Amino acid sequence: MSQTGAPAVFSPWTDPEAKPLIRFRGVTKRFGDFTAIDNLTLDIYEREFYALLGPSGCGKTTMMRMLAGFESPTEGVIELSGQDIAPVPPNKRAVNMMFQSYALFPHLSVYDNIAFGLRREGRGKDQVHGRVQEMLRLTRLERFAARKPHQISGGQRQRVALARSLAKAPKLLLLDEPLGALDRKLREETQFELMDIQEKTGTTFVIVTHDQEEAMTVASRIAVMDEGRVIQVATPAEIYEAPNSVYVADFIGDVNIIEGRVTPGEGAVSIDWAEGEPPIRAVTDAQLAPGQSCHFAIRPEKVTIDRERPDRPNAFQGKVIDIAYLGNISTYHVRLSGGQMVKAQMVNARRLANRPITWEDEVWVGFSETAGVVLER
Amino acid sequence: MRRFLLIFIPYAWLLALFLIPFAIVLKISLSDVALARPPYAPQLDLSQGWEGLRAFFAGLDFDNFTFLTTDDLYWKAYLSSVKIAVISTVLTLLVGYPIAYGMVQAPDRWRPTLMMLVILPFWTSFLIRVYAWKGILANEGLLNQALMWLGIISEPLTILNTNTAVYIGIVYTYLPFMILPIYAALEKLDGSLLEAAEDLGCSRLSAFWLVTIPLSRQGIVAGSFLVFIPALGEFVIPELLGGSRTLMIGKVLYEEFFSNRDWPVASAVAIILLAILVIPIILFQRNEQKQREAEG
Ligand SMILES: Nc1ncnc2c1ncn2[C@@H]1O[C@H](COP(=O)(O)OP(=O)(O)O)[C@@H](O)[C@H]1O
Ligand SMILES: [Mg+2]
């Protein structure tokens, strides 16, 4: 990632001088004897769009609630701009949260919901009005200002919740599955809207989601979590291209995982993975001992499928079992001679009728030495 | 057919237990006292046919209502009843709200027990419980003994046979009617709303004023009417705990009916009491309906 001279890429986490806005240091949270967050250490920088990604129940909401001040860590320290926030009550933190349930006040109009936080600051009437109008415009809710929350749609409610949490211009905005209730199209629109708002306001966002596509779209960095621990923190591209574990590779996107044993070699390692099949050749930085067991992970779109043996470092013969047609692409499920299933993806550049490969065809799958990653765990 | 039955039954109920008795009371209030049995005239005599009916209606008049305006006892009694009912409703609210709030805050496993404790007094007769208060509030009663023993007072307080005793009695008796609707409203309150309020800069106290109170308003209104309406016509509590100077329309009604045996005037008193109650009852219904709409 050495892009010297290029227009500054936003990556404060690579800059050892940069001070993180939020710092979790050895934070553990227990409910009774259940550990919801397990010794968490991470940094979030100003203006980041930081996504927490993980299965339901892995502690994402708990982490947010600790930032907002509704839970306090059992162990460890959370710092905001270098200050331990433990003694600061929620109403004194420069942090606002958009709740998973939106938590709009049902007895107040859209306008009054948005104005709620501003009025608590004791600002003048005109100032409050101006800011609310601005927020209504930003979230395109001007026409609904006088409505009560139960008189607007789910998508509009979600925008009210967003406007309300943005109104006070917090240093840090926490979004807990903000788009969960929206249908796909509206969700995609809103994702771009969020990024736009973040760019305009310069607020630091932490977003919780269990939708990996959403995380990939909006985030500057993604933290993949599992059972209260962070497994990997990296940019979306790194998470996708260079996952550090089978868990991350499997969690993000579609992947073929092949188990085998390593034979180190110069340049590339060989992985013995099935009787009677040639070893997989792969380039890796990992230091692996001879005979060590490992996993080879490769994305389906990096696997080609041909009728003839391709001229590639890795080529295996098999038979097409299933084809999933997705319009723009098709996924071929190929059974190799050893019995393993491998998915290969092809862009449907030609019309359906002109494509040569179909069910039960004998085919070759192939990939380069750098297409996949070798994972130790 | 089934739908007809479903609609018919409540209406038949209303007709038999409210409208017909009401018509009878209204009729008596328009009659005159008579030394007869029953003690009023005219009586409807259908054996006289059409003529009888004419004579019957000719005998009805509004004299009793006019009479109520000539003696200031009556309007003073109404006014005093309204005052006592309003004050005791406010007191019941002040006592009941914190109890309901505490019940909602209590751990889940405690709630059925607490609910039980609120309803428990209904298991014994209302009359016995009010009588028991006589023993507690009397000059040599439990309360005075306890206060004197603790050294808080040196002379016994005169509570029994004053308005204070009536307030205590009403608050005690109707407290569950206040607690239950408020509890129901508070239990529905989504806890994340209070967190949202705090997140937006409210202290705990201002979150309570700005979120909890407005969102339990329906329960407060319902509870207040459930206390105010019966308290207005209350007879037993002022009779047993109140003094000779405690003026309530329920007592006046009782005296007209049983001591004076003036059924027509007693009926007129009752009709006006009902007229006074119609306003809060309609307001109460509107509140209930609004609540249903807000939830629907
Ligand atoms: N107040 C609580 N008491 C007990 N357990 C809790 C509490 N809050 C969360 N948990 C548990 O902690 C785990 C993580 O929860 P949460 O942070 O809500 O997960 P998610 O990643 O789905 O948002 C879950 O197993 C949940 O049951
Ligand atoms: Mg959650």
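The values are calculated or read from the model by the stated rules, or taken from the named source; none is laboratory data. Quantities reported herein were computed from a predicted structural model and do not represent experimental measurements. No Cβ is skipped: glycine too gets one built from the backbone with ideal geometry, and neighbour counts run over all protein chains shown.
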Considering every residue within the range A:248-269, establish whether at least one is farther than 30 Å from A:Phe34 by Cβ, assigned to a helix (DSSP H, G or I) and free of Cβ contacts under 8 Å to residues at least 40 places away in the same chain.
-> no
For A:Val77, state whether it is more than 14 Å from chain B (Cβ to nearest Cβ), surrounded by 23 or more Cβ atoms within 10 Å (Cβ to Cβ) and more than 22 Å from the chain's Cα centre (by Cα).
-> no
Scan of the range B:141-185 for residues that are touching a residue at least 24 places away in the same chain (Cβ under 8 Å), farther than 28 Å from B:Met115 by Cα and among the polar types (S, T, N, Q), ordered by number | B:Asn161, B:Thr162, B:Asn163
Is at least one residue of the range A:242-257 within 16 Å of ligand 2 (Cβ to nearest atom) and either under 12 Å from the mean Cα position of the chain (by Cα) or not assigned by TED's automatic domain parsing to the domain that holds A:Arg335 (or both)?
-> no
Report whether or not A:Arg187 is basic (Lys, Arg) and surrounded by fewer than 16 Cβ atoms within 10 Å (Cβ to Cβ).
-> no
Tell me which residues, restricted to the range A:80-117, are in a strand (DSSP E or B) and at the interface with chain B (Cβ under 10 Å from one of its Cβ atoms).
-> A:Val95, A:Asn96, A:Met97, A:Met98
Does the range A:138-162 hold any residues that are part of a helix (DSSP H, G or I), in contact (Cβ under 8 Å) with a residue 24 or more places away in the chain and within 12 Å of chain B (Cβ to nearest Cβ), and which are they?
-> A:Pro149, A:His150, A:Val160, A:Ala161
When only residues in the range B:188-240 that are within 14 Å of chain A (Cβ to nearest Cβ) and not in a helix (DSSP H, G or I) count, which is surrounded by the fewest Cβ atoms within 10 Å (Cβ to Cβ)?
-> B:Ser203
Only one of A:Thr217, A:Thr204 is among the β-branched types (Val, Ile, Thr) and at pLDDT below 90, namely A:Thr217
Per the list (1) of a type outside the set (Ser, Thr, Tyr); (2) more than 10 Å from ligand 1 (Cβ to nearest atom); (3) in a loop (DSSP other than H, G, I, E, B), residue check on A:Gly57 breaks on (2)
Could you tell me whether B:Ala185 is in contact with a Gly (Cβ under 9 Å, 6 or more places away or on another chain) and within 14 Å of another protein chain (Cβ to nearest Cβ)?
-> yes
Which listed residue is of a type outside the set (Lys, Arg), buried (at least 20 other Cβ atoms within 10 Å of the Cβ) and either out of contact with any helix residue (DSSP H, G or I) (no Cβ under 6 Å at 6 or more places or on another chain) or within 26 Å of B:Val86 (Cβ to Cβ) (or both), from B:Thr173, B:Thr158 = B:Thr173
Return yes or no: is A:Arg93 buried (at least 20 other Cβ atoms within 10 Å of the Cβ), basic (Lys, Arg) and more than 16 Å from ligand 2 (Cβ to nearest atom)?
-> yes
Is it true that A:Ala145 is more than 16 Å from ligand 1 (Cβ to nearest atom), modelled with pLDDT of 90 or more and of a type outside the set (Val, Ile, Thr)?
-> yes
In the range B:102-146, which residue that is surrounded by fewer than 17 Cβ atoms within 10 Å (Cβ to Cβ) and of a type in the set (Phe, Trp, Tyr) is farthest from B:Leu194 (Cα to Cα)?
-> B:Tyr131
Output the residues belonging to the range A:208-228 that are at negative phi and within 16 Å of ligand 2 (Cβ to nearest atom).
-> A:Val208, A:Thr209, A:His210, A:Asp211, A:Gln212, A:Glu214, A:Ala215, A:Ala223, A:Val224, A:Met225, A:Asp226
If you scan the range A:67-79, which residues turn out to be out of contact with any Ser or Thr (no Cβ under 7 Å at 6 or more places or on another chain) and either within 16 Å of ligand 2 (Cβ to nearest atom) or not in a strand (DSSP E or B) (or both)?
-> A:Leu67, A:Ala68, A:Gly69, A:Phe70, A:Ser72
So which of A:Ala145, A:Ala115, A:Ala103 is surrounded by 15 or more Cβ atoms within 10 Å (Cβ to Cβ) and under 21 Å from A:Glu177 (Cβ atoms)?
-> A:Ala103
Collect the residues in the range A:135-188 that are more than 14 Å from A:Asp112 (Cα to Cα), touching a strand residue (DSSP E or B) at 6+ places or on another chain (Cβ under 7 Å) and within 16 Å of ligand 2 (Cβ to nearest atom), keeping them in residue-number order.
-> A:Leu174, A:Leu175, A:Asp176, A:Glu177, A:Pro178
Does A:Thr74 satisfy the criteria of being in the same structural domain as A:Ser220 (by TED's automatic domain parsing), farther than 23 Å from A:Pro178 by Cα and more than 15 Å from ligand 1 (Cβ to nearest atom)?
-> no
Under 7 Å by Cβ, and 6 or more places apart or on different chains, what pairs join a residue from the range B:28-45 that is more than 11 Å from B:Trp263 (Cα to Cα) with one that is assigned to a helix (DSSP H, G or I)?
-> B:Pro42/B:Ala55; B:Pro42/B:Phe56; B:Leu44/B:Phe56; B:Asp45/B:Gly52
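Yes or no, residue by residue, for (1) within 16 Å of ligand 2 (Cβ to nearest atom); (2) surrounded by fewer than 16 Cβ atoms within 10 Å (Cβ to Cβ):
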site: A:Leu21; (1), (2): no, no
site: A:Phe31; (1), (2): yes, yes
site: A:Thr41; (1), (2): no, yes
site: A:Pro55; (1), (2): yes, yes
site: A:Met63; (1), (2): yes, no
